[in-house]
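In what follows, a single structure is set out as C-alpha cells and then discussed.
The values are calculated or read from the model by the stated rules, or taken from the named source; none is laboratory data. These numbers come from a predicted model, not from an experiment. Cβ placement follows ideal geometry from the backbone for every residue including glycine, while neighbour counts extend to all protein chains displayed.
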Amino acid sequence: MITNIASEATGMTSNAFLVAGPPGVRTPATDDDGDAGRRVLVDTGANFDAPAAVREHVDDLDAVVLTHTHPDHVGTLPALREAFDVATWGYDTSHDAVDREIPDGGTTRLGTGTFEALHTPGHKDDHLCLFDRDSGVLFAGDLVFANGAFGRTDLAEGDRDLLVDSVDRLREWVGDDVTAIHTGHGRSIVDGPAESLELSARAARMR
C-alpha cells in the first residue's frame, strides 16, 4: 500500500508517501498475514500535521527515507521524530535531516519491497531515486514529474546538464520494468510511466 499523506495539505509541501505492505501495482501480495513490512514514509512534506496523517493509516513508523533535503521535503521531520522516535535515511549524512546513509547502489526496505537507490543529482546534490524491481514502483522525488516535466535547476545545487544525465541514467536503469512513478509533487504516473520518462528526458534537453 502506498498512500500520499500530504494529498489534502493546503500549505506548500511535497508529497509524502507512506509505504506499508506490498508496494506493487503489478505483482500481487504474497503475504497472507497482512504484514505491513517496514512502515516507511518517503519524504515528510511540510506545513501540515504529518504525525496525525500517518496515524490515520498506521500506529507507528519504522523509518523515514528522503529523496532529498529541500525544505518542502523535510519540513515535518522534527514533528515526526518527536512523535515516533524514528530514524531518517538519505544520501548525505552531513545534513541534519539524515541520520543514516543510503549510498548510490544501496538498498532499503519499504513495506515488503526492497528498493534500490540511484544517486540522481541535478535538482539537488543529495537527490536519490528508489526503485523496486519486483513491483516496478519508482520513487522519483523531484527529478521528473507527470506530463514530461522535470525538476528545477535554478535553485542552489541545481545543474541542468547533471539533471539531463540523471534522467538518462534513470531511464536506462529502470528500462521498461517501471509500472508506476511516484513523484515529489503532483500526481503519480501509472499510465505509460516509461513513455513519461522519455518525455521528461526530451524536455530537459530543451533550452
key: Filtered residues of the range 66-107 (kept if touching a residue at least 60 places away in the same chain (Cβ under 8 Å) and in contact with a Phe, Trp or Tyr (Cβ under 8 Å, 6 or more places away or on another chain))   = Leu66, Thr67, His68, Thr76
Enumerated strands (runs of 3 or more DSSP E) restricted to the range 16-127, each holding at least 1 residues that are crowded, with 23+ Cβ neighbours inside 10 Å and either of a type in the set (Phe, Trp, Tyr) or at pLDDT below 95 (or both) = 17-19, 113-119
remark   = Restricted to the range 196-207 and to residues being within 17 Å of Thr153 (Cβ to Cβ) and charged (D, E, K, R), the residue surrounded by the fewest Cβ atoms within 10 Å (Cβ to Cβ) is Arg207
query = Which one of the conditions (1) outside any strand (DSSP E or B); (2) under 26 Å from Asp60 (Cα atoms); (3) not charged (D, E, K, R) does Phe131 fail to meet, given that it meets all the rest?
reply = (1)
remark   = The one condition Glu116 fails out of (1) over 22 Å from Glu172 (Cα atoms); (2) in contact with a helix residue (DSSP H, G or I) (Cβ under 9 Å, 6 or more places away or on another chain) is (1)
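Quick check, is Asp168 part of a loop (DSSP other than H, G, I, E, B) and out of contact with any Gly (no Cβ under 9 Å at 6 or more places or on another chain)? Talk me through it step by step, then tell me what you get.
Values: part of a loop (DSSP other than H, G, I, E, B): no; out of contact with any Gly (no Cβ under 9 Å at 6 or more places or on another chain): yes.
No; evaluated as a whole, the condition is false for this residue.
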ask   = Name the residues in the range 120-144 that are over 12 Å from the mean Cα position of the chain (by Cα) and not polar (S, T, N, Q), would you?
value = Pro121, Gly122, His123, Lys124, Asp125, Asp126, Arg133, Asp134, Gly136
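Quick check on the range 179-195: of everything there that is at negative phi and in a loop (DSSP other than H, G, I, E, B), which residue is surrounded by the fewest Cβ atoms within 10 Å (Cβ to Cβ)?
Here the answer is Asp191.
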remark   = If you go through Asp154, Asp161, Asp176, the only one that is surrounded by fewer than 17 Cβ atoms within 10 Å (Cβ to Cβ), over 18 Å from the mean Cα position of the chain (by Cα) and in a loop (DSSP other than H, G, I, E, B) is Asp154
